[in-house]
Each structure stands twice: as C-alpha cells, then as structure tokens.
1. Please check which bits of region 30-65 a label hung off Arg105 would reach, taking the label as a point 7 Å along Cα-to-C-beta and the cut-off as backbone N under 13 Å.
2. Once phi is turned into ³J(HN,Hα) by the Karplus curve 6.51 cos²θ - 1.76 cosθ + 1.60 with θ = phi - 60°, what whole-Hz value does each residue of region 95-106 show in order, with x for glycine and proline?
3. Going by average Cβ neighbours within 10 Å, how do the peptides 92-98, 48-54 rank, with the highest at the top?
4. Any chance you could run the full-extension gain for Glu26 through Ala119? It's 0.36 nm times the residue separation minus the Cα-Cα distance, nm to one decimal.
5. Give, in nm to one decimal, the length gained when the segment between Ala128 and Asp47 is fully stretched (0.36 nm per residue of separation minus the Cα-Cα distance).
Amino acid sequence: MSVATVHRGVETDNEADTSDNVRRPEALSATQVAGLVGCQAAFLPADPPRAGRMAFWRADGGQPLGCAAESEELTVVRPHGAGARRRTVPAVVVPVDRALPVLTRARHGGGSAAYWGAASLVALQLVARGRLLPGVSPDGFDA
C-alpha cells in the first residue's frame, strides 16, 4: 500500500510513512516503562511538532531505572532554598509516541510526569473523537 505524504508542499509517494524518512526507534520495554513512571518529565518541542520529544529524569539526579543505554545529559532548573538552581541530570529522551505508555501510567502518580500523563490522555480522547483540525507549522510542515 502506498502512502502519499506532503513535505513543505511537495507530494511524494512512500511505501511507509516514517515521519520525514527517519526510522522510528523500537518501543520501550516493560522494564524501561516501569523505570520511567516515577520520573519527572518535560516536553521538548520541535518543528514539525510530531518530532517533539519527552525527557524523563529522576528528581534526585540519579540514573532513570532500566534505561542506562538511552540516557542523555539534560540541564534542568529546580527550586532549591531561596532561589532556583540549575543542574545537569541524566535523562531519557524519547519521541512522544514512545513516551505514551509511560505517560498513561504516570498520570496516577505525582510530579510533572502525572501532569503530562493527564494531558496525553486528554489528547488521545480528542483524537479518538475526531476533534483535531489540521494545521501548518511555522516552517511549513503539516501539523
């Protein structure tokens, strides 16, 4: 089956849509999902929006459990005493589609991952009800 995609106004035929011809990494394992559920989370936007990623890190600055091979360094700002403090922590950064299993489980916990988990569940409900309208990003990508 051929899938037609539009990239900056140019239509091309692809056998499989791989989101701008980039191969998607494999899904997170059950161990990795369990290790990330209790982490803090932040959305890292991109253009096109579907290229945005989620970053997960532990509040204590430790390595996210079960994900040592996939960690990157991330600078975060955390409140500390009377002021804010920057620090670099090991974080697991994954595309949003790979982060959904973590986020949907984290919505019952605390911290920023619970917020993003609730937001992702609402987004999935909107998609399921057909309540999204197509748009165009500032760089001309479909969004």
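1. Answer for this model: 30-39, 65.
2. Along region 95-106, the couplings run x, 4, 4, 6, 7, 4, x, 5, 5, 5, 7, 6 Hz.
3. Highest-to-lowest ranking by the protection proxy: 92-98, 48-54.
4. So the extension gain works out to 31.1 nm.
5. 26.8 nm
Rule-based calculations on the coordinates, nothing more; no lab input. Model, not experiment: these values are computed from the prediction. No Cβ is skipped: glycine too gets one built from the backbone with ideal geometry, and neighbour counts run over all protein chains shown.
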